[in-house]
1. Does Asp60 satisfy the condition of being in the same structural domain as Val24 (by TED's automatic domain parsing) and either modelled with pLDDT of 90 or more or over 30 Å from Ala284 (Cβ atoms) (or both)?
2. Assess whether Thr228 counts as being hydroxyl-bearing (Ser, Thr, Tyr), in a helix (DSSP H, G or I) and closer than 22 Å to Val37 by Cβ.
3. Among Arg235, Arg269, which is of a type outside the set (Asp, Glu), out of contact with any helix residue (DSSP H, G or I) (no Cβ under 8 Å at 6 or more places or on another chain) and not assigned by TED's automatic domain parsing to the domain that holds Ser66?
4. Could you tell me whether segment 250-262 includes any residue that is of a type in the set (A, V, I, L, M) and surrounded by fewer than 18 Cβ atoms within 10 Å (Cβ to Cβ)?
5. Glu39: in a strand (DSSP E or B) and within 21 Å of Pro264 (Cβ to Cβ), yes or no?
6. Please go through segment 264-306 and pick out each residue that is touching a Lys or Arg at 6+ places or on another chain (Cβ under 7 Å) and part of a loop (DSSP other than H, G, I, E, B).
7. Check whether at least one residue in segment 91-101 is part of a strand (DSSP E or B), under 30 Å from His44 (Cα atoms), touching a Gly at 6+ places or on another chain (Cβ under 9 Å) and at pLDDT 75 or above, and report yes or no.
8. Here is a check on your reading of the model: is Leu170 under 37 Å from the mean Cα position of the chain (by Cα) and at pLDDT below 90?
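The values are calculated or read from the model by the stated rules, or taken from the named source; none is laboratory data. Remember, it's a predicted structure, so these values are computed and weren't measured experimentally. Neighbour counts are summed over all protein chains in view; Cβ atoms, including those assigned to glycine, are modelled from backbone coordinates with ideal geometry.
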Amino acid sequence: MFGTILTVGLASVAVEPSAVLLPVDENADFYVGVPVVLELEVRHASGASVVVPGELPWPDDWAERSRTRSPPEEAASGSRVERFRFEVLPFAAGRFSLGPFEVEVGDGIIETAPLRLEVRSALPPEVQAALTASTALPPGQLESLAAPDPEPALLFGWNLPLLYGLAGGLAALVLAAAAFFAWRRRRTARPAAPPRPAKAPDLEAIEALRALADRSPADLGGVNPYYTELSRIFRWYLGRQFRFDASELTLDELDEALARLRFPEAERRAIHDLLEQADFAKFARWEPSDHEARATARAAIERVEQTKRQAGAIGVDRGLRVAASFPDHAEPRAEEPS
């Protein structure tokens, strides 16, 4: 994971920094194996830098899946508010205390208050108790938890040995015919040159983004060219991986396309935040530091790795149907991102 830093060059006002960690949906119930979305709100004086550690001390049975950062917002009395969103996954039921987490603000360290959450199991209570019991359960209690035996199925009027024999003979005949035609095809067909293996879109995008993360905005002529290249590579990847042209879509159109591809809402929000941050740098005269620009490129690599897992579940046909729903945008070309 990556640390996030933001420095704002405005006059600071004496504001007591604070950090609060809360669930995005405070009324939600939390279950084992279901992602929990948390938001860390840091309030500080303008001009102070904010650093969230790349590795937070989550409980042993929790794992961080992703994190995003929203652009800073001006608040009252000369303060600023920055929000960090975390998607974490609990793997065990029980009561947990998240934090306190340390956050570096300017030259000091502040801590969040511990956040206490209860994670429930989706299993019936008696089964959950059996799984977490420290001693062996009596045989009778174990049998009561087991599913009932299925009713036996009876066959009438069939000569099963004869049927098995006929089925086996037919299968052998089919295999022999297939082997003969395969042998004959190998004798008559000329050997063809093996096709050149095509590099997967995710590998091309990760390679280009890693090269970008090794450079600074000054190497590309400024913040605008740097974030323009980052946005171009990531949109090229989405279009190639899911078979629609994402290069000219607005953020709302892109979110609509990803929703039709059945992307999870949290993943769509993370992609929206990443590209919106690039737009801020290109059009809103926001001047991020070299460290933050490189961190954004590494965040884009993480988004590529996350969305790659969606490709198998979505399939090519659904991606083509999404492309057809945007008639002004053709299927993207196959050139590698430079």
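1. yes
2. In short, no.
3. Arg269
4. yes
5. yes
6. Correct list: empty.
7. No, segment 91-101 has no match at all.
8. no
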